[in-house]
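Here the structure comes first, spelled out in structure tokens, and everything after it is commentary.
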Amino acid sequence: MTTHSADTPQSHTVGLLAEFASQDELIQAGRTMRSAGYTSLDAYTPFPIHELDEALGVRPTRLPWLVLAAGLVGGISILAFQWWTNAVDYPMLISGKPLFSLPANIPVTFEVIVLSAAFAAFLGMLALNGLPRLASPLLRSVRFARATSDGFFLSVAATDPSFDPQATPAALRQAGATEVETLTESTTQQPLPRFLGMSLVVVGSLAVLPPLIIAGARSTTSEKPRLHNVFNMDFQPKFKSQTTSQLFADGRAMRPRIPGTVPRGSLPTNPEYEFGYVEPAAAAEPAAGDARQWVEEIPLRVTSELMERGRERFNIHCAVCHGRAGFGNGLVSQRAIELQQGTWVPPTSIHTQYVVEQPVGQLFNTITNGVRKMPAYGHQIPVEDRWAIVLYVRALQRSQQASLEDVPEDIRPTLRELN
Amino acid sequence: MSTANLALNPELPPDRLLDGDHDYRSITDTVCQIVERPQPPKAWYVAFAVSSVLTVILFGLVGYLFVTGVGVWGNNAPVFWGWPIVNFVFWVGIGHAGTLISAILFLFRQHWRTSINRFAEAMTIFAVVCAGLFPGIHVGRVWLVYWLAPYPSQHLAMWPNFRSPLLWDVFAVSTYATVSLLFWYMGMIPDLATLRDRATTRVRQVAYGIAALGWTGSARQWSRYEKAYMLLAALATPLVLSVHTIVSFDFAVSQIPGWHTTIFPPYFVAGAIFSGFAMVITLVVPARAFFGLKDLVTIRHLENMTKIMLATGSMVGFAYAIEFFIAWYGGNPYEQFAFINRALGPYAWAYWTMVTCNVISPQLFWFKKFRTTPWLMVVVSIFINIGMWFERFVITVTSLSRDFLPSSWGYFKPTAVDVLMLIGSFGLFFTLFLLFCRYLPMVAMAEVKAVMPKPDTTAKVGNTASAEGGPQA
């Protein structure tokens, strides 16, 4: 490298800056200089000029690859994160749906892909361009201020192998430059002012204080009573059961039943039909289990319509758990077993001997009030439909205990083919 | 208002984007003088005084809300999503025009966008600021708002549900705000460098110098910059469409009659663009008059925007009709009731305000007179903004106030806090906007220069350059 006359002990030449009258002249000059063998050329314009890329041999940027990579990494990470948080670390059970279901995870994945790719585009552009760089020899040139308004400039770096302090300015003028100036940079590093460093330290240490205080408070216990920021949220004015109240003459917060009203389901006109059993008349306590006299016959006229109705209702209300044939292998049960749900009790097969032996009234009661782990369906299925289901359950049970005589005669010969 | 431009316009070639006689220098001067002159116009002071008072009211009310609780709003059973959510959707919708102009029109090489994109992007950011405020303060216990973020927490020992539309919304709106901000700022870097290089005071030099990040406009920088801009546009385009789609999921994924419909995403997006452009017109017409930008933002630009409003407004009208058709055709009695209730129920006044403003008023843009007379555009745009607010009100409130169970029906009444907060959010929006007009380059100078016809070099630029630059070699 050669030295230049503008060099002083404090500064050295970093390059030359030439101004041109118009964009066309700039492009032309760029081509000329490049064919003259200069490689460290750059042009400065107030707006992008695509011909310059070709004139100066600007290579296409790697930025798109960066953006693609960031998008992929962002997308895959957030998808894995959603899977891990919602299906593994804290399984979110929502109406028996699968723990991980791609469609519902797409929106967040998409947003994060865009976000990470956008950051890559912005930060990547800055990084590849060497920005932010708040001080540079170019920005010290007064003339150069026009480069962001209406000036067109070309620079040749002093590191260029073809650079020559005498020949290069001449070549630039030859190429049409209206003015050529030398860019210099100071060799001595100017340290940051002392007060700036000091105040950075002070601000920095003050900034870590609040998080430290919070972390400290969170990880220790205190003997002082809790602070109630929002008092009426922590202490809500309301009555709980078994408490007193000044509002009513009897001083009770809970109200007795209003005379003349009947609670839901406690007005039997026909207990056999509505409950499926009668209580022994003598019993003072409500009878349970064995004390009940179960209804033995379905208290409705048994018709094929009732059977059809029963089949339909069974398939709607019961088959999800018990399976369409009643073996206890419905979809909900299969799914629960598949998910290895600890609390799941498999539905009883209605073909179990003790269920087959139950009177119809007991089956009716099972539907109405549920049994052990099975929920009650009385509020959901009208009385007549419950009896229809019982009838159909009976038919299902019969189907598993049938003999050849139960099959209509004309079908008997074809039975073997059914297998 | 601008009869001169109007008279001038027909003689201009159709591809001409600017009025008047401009070269690069004069573009710089026109845009920079707004920021550089020592005093803004009187009207700026008046507008700023009014809007900052409203902003103070808004933040005062937010403080009142924090110490008192959400009971200060009209939200109550059965309408738990009252005005705050209406305002949120309204402002997010407005925020869609900016990125649409900058990203989608950029990808379609619509060069006319260069004069208005900066402006519209700024509007987007400020609208999203207003939008983000409402769900933020709607969470009840604001001091726990960070629970929305998926962070490993010992205290909660759980994670947010990533399959909930409300969580999608958090991601969508915050991504949108961030990407719009990046896009806006990146687009502004070259222009900030222009302001830096023209700065005369030390404060301006330092402030714009830091903001411009040392941009020099070198060919290499431009090459990467343009690529980055293109990539951001390509990313922002599906993003714009996704944001209002996800906002509509907040409603559509629930099962309330009148919300649970598949038409919501496209219908919301069309409505968002519609309202966004209406807001751009409302702002740009006065701004171009006050700040002397009529040559850059010409009648042609305004006319193009009115055409987009006509198109999206008609889409919105079509969607209103289809909702009724589907309610009838779908045969769901609750859905049918929801729509009959909208048009004829206790909120019929709101419904018909919405229809008048959103369906009928944009049809005026079929007439050239409405497309080319700035003050008429502003009037129609204001009506559209009113209509679009009512659209969100109708959707949110009518469906909630009367759903499946008649015993829990109710009628929503806003409180004074509701009303003042809406007005206050306009104050915040305009305050930010006025600050933008005063301190940042309102028009993307570099982009305008890149699409304007090359000035007659020998006559203008060449002369000034050689006069300053000394003899040619």
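State the percent of C-alpha pairs, over all pairs in chain B, separated by a distance greater than 35 angstrom.
36
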In the full protein assembly as shown, how much of A:Glu312 is accessible to a 1.4 Å probe, in Å² to the nearest 10? 80
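Rounded if a/c is under 1.5, else prolate if a/b beats b/c, else oblate: with a ≥ b ≥ c from the C-alpha gyration tensor eigenvalues square-rooted, which is the stretch A:271-401?
Taking the square roots of the gyration eigenvalues as a ≥ b ≥ c, the stretch A:271-401 is oblate.
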For chain A, set up a GNM with springs between Cα atoms under 10 Å and report which of A:Pro210, A:Pro161, A:Pro137 has the largest fluctuation. A:Pro210
Charge context of A:Leu172, other residues only, Cβ under 15 angstrom, K/R +1, D/E -1: -3
With the other protein chains left in place, how much accessible area per residue, in square angstrom, belongs to the stretch A:192-232 at a 1.4 angstrom probe? 98
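Suppose every Lys and Arg Cβ carries +1 and every Asp and Glu Cβ carries -1, with no other charges. What dipole size does the stretch A:11-187 come out with about its Cα centre, to the nearest 20 debye?
Here the size comes out at about 420 debye.
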What helices does chain B hold that run 30 Å or longer along their axis, going by alpha-carbon atoms, with a Kyte-Doolittle average of 0.0 or more, using DSSP H for the helix calls? B:42-68, B:117-138, B:165-198, B:219-252, B:264-290, B:299-330, B:416-439
Say the dipole of chain A comes from +1 at the beta carbon of Lys and Arg and -1 at that of Asp and Glu; which of A:Ala167, A:Pro225, A:Leu363 then lies farthest toward its positive end? A:Pro225
Longest exposed-loop-site-free stretch of chain B, with trypsin sites (Lys or Arg not before Pro), DSSP loop and at most 14 other Cβ within 10 Å? B:142-473
Compare the Cα positions of A:Leu134, A:Phe235, A:Gln353 along the charge dipole of chain A (+1 at Cβ of Lys, Arg; -1 at Cβ of Asp, Glu; about the Cα centre) and return the one farthest towards the positive end. A:Phe235
Taking the Cα-to-Cβ direction at B:Val142 and at B:Ala157 and moving 7 Å from each Cα, how far apart do the two end points lie in nm? 3.1
Quick one: compute the contact order of chain A, relative version, from alpha carbon pairs under 8 angstrom and 6+ residues apart, as a percent. 17
Please find the FRET efficiency linking A:Arg34 to A:Leu68, where r is the Cβ-Cβ separation and R0 is fixed at 35 Å, and quote it to the nearest 0.05. 0.65
Ignoring ligands and nucleic acids, what accessible area does B:Tyr229 show with a 1.4 Å probe (Å², nearest 10)? 10
Label-reachable residues, the stretch A:232-254, where backbone N falls under 17 Å from a point 7 Å from B:Thr68's Cα toward its Cβ: A:232-233
Ranked by GNM mean-square fluctuation in chain A (Cα springs under 10 Å), the top entry among A:Thr368, A:Thr178, A:Thr244 is A:Thr244
So which residue, out of A:Gly151, A:Gly71, A:Gly310, gets the largest mean-square fluctuation from a GNM of chain A using Cα contacts under 10 Å as springs? A:Gly151
With respect to the cross-link table entries A:Lys97/A:Lys240; B:Lys307/B:Lys413; B:Lys368/B:Lys454; B:Lys294/B:Lys369, which display a Cα-Cα separation exceeding 25 Å? A:Lys97/A:Lys240; B:Lys307/B:Lys413; B:Lys368/B:Lys454
At 1.4 Å probe size, put B:Asp23, B:Asp295, A:Asp410 in order of accessible surface, largest to smallest. A:Asp410, B:Asp295, B:Asp23
As a test of reading the structure, rank A:Thr159, B:Thr55 by solvent-accessible area (1.4 Å probe, protein chains only), most first. A:Thr159, B:Thr55
Per residue, how much accessible surface does the stretch A:1-92 expose to a 1.4 Å probe? Answer in Å², no decimals. 50
Separation of the B:Leu107 and B:Ser314 label points, Cα + 7 Å toward Cβ, nm: 2.4
Which residue, chosen from B:Asn304, B:Val92, B:Leu54, occupies the Cα position most advanced towards the positive end of the dipole of chain B, where the dipole is computed from +1 (Lys, Arg) and -1 (Asp, Glu) charges on Cβ about the Cα centre? B:Leu54
Calculated [θ] (222 nm, deg cm²/dmol) that DSSP helices of n ≥ 4 give over chain B, each run adding -39,500 (n - 2.57): -22000 deg cm²/dmol
Let me know the charge dipole size of the protein assembly as shown about its Cα centre in debye, to the nearest 20, where only the beta-carbon of Lys, Arg (+1) and Asp, Glu (-1) is charged. 1580
Mind giving me the nanometre distance, one decimal, between the label points for A:Thr343 and B:Met230, set 7 Å out from Cα along Cα→Cβ? 5.8
Report the relative contact order of the stretch A:79-195, percent, no decimals, based on alpha-carbon pairs under 8 angstrom and at least 6 residues apart. 14
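Before rounding to the nearest 500, sum -39500 (n - 2.57) across all DSSP H runs of length at least 4 in chain A and divide by the residue total; then give [θ] at 222 nm in deg cm²/dmol. Kindly include the intermediate steps, with their values, before the conclusion.
Working: 16 runs with 178 residues, N = 419.
One gets -13000 deg cm²/dmol as the mean residue ellipticity at 222 nm.
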Which residues make up the longest stretch of chain A clear of trypsin sites (Lys or Arg not before Pro) that lie in a DSSP loop with no more than 11 other Cβ atoms within 10 Å, not counting the sites? A:1-225
State to the nearest 20 debye the size of the charge dipole of chain A about its Cα centre, where the only charges are +1 on K and R beta carbons and -1 on D and E beta carbons. 1300
Using only Cα atoms, tell me the angle between helix A:360-369 and the longest principal axis of chain A; keep it within 0 to 90° and round to the nearest 10. 30
Report the accessible area of B:Ile34, computed with a 1.4 Å probe over the heavy atoms of all protein chains in place, in Å² rounded to the nearest 10. 10
As a test of the definition: with a 1.4 Å probe, what buried accessible area, both sides summed, do you compute for A against B, in Å² to the nearest 100? 6500
Partner aspartates and glutamates whose C-alpha sits under 12 Å from that of B:Lys449, ignoring same-chain residues fewer than 8 away, are A:Asp150, B:Asp23, B:Asp191
Between 0 and 90°, nearest 10: helix A:23-35 axis offset from chain A longest Cα axis: 80
Residues other than B:Trp215 with Cβ under 11 Å of its Cβ, Lys/Arg counted +1 and Asp/Glu -1, net out at 0
Where the accessible area of the protein assembly as shown is counted over protein heavy atoms with a 1.4 Å probe, how much of it, in %, is carbon and sulfur? 64
By how many nm would the segment from A:Ile106 to A:Ser136 grow when fully extended, if each residue of separation counts as 0.36 nm and the alpha-carbon distance is taken off? 6.3 nm
In degrees rounded to 10, the 0-90 angle between helix A:102-128 Cα long axis and the longest Cα principal axis of chain A is 10
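The values are calculated or read from the model by the stated rules, or taken from the named source; none is laboratory data. What you see is a predicted model, and the numbers here were worked out from it, not measured in a lab. Neighbour counts are summed over all protein chains in view; Cβ atoms, including those assigned to glycine, are modelled from backbone coordinates with ideal geometry. Areas reflect the complete protein model, heavy atoms only, side chains present, ligands, DNA and RNA absent. Shrake-Rupley method; radii C 1.70, N 1.55, O 1.52, S 1.80 Å.
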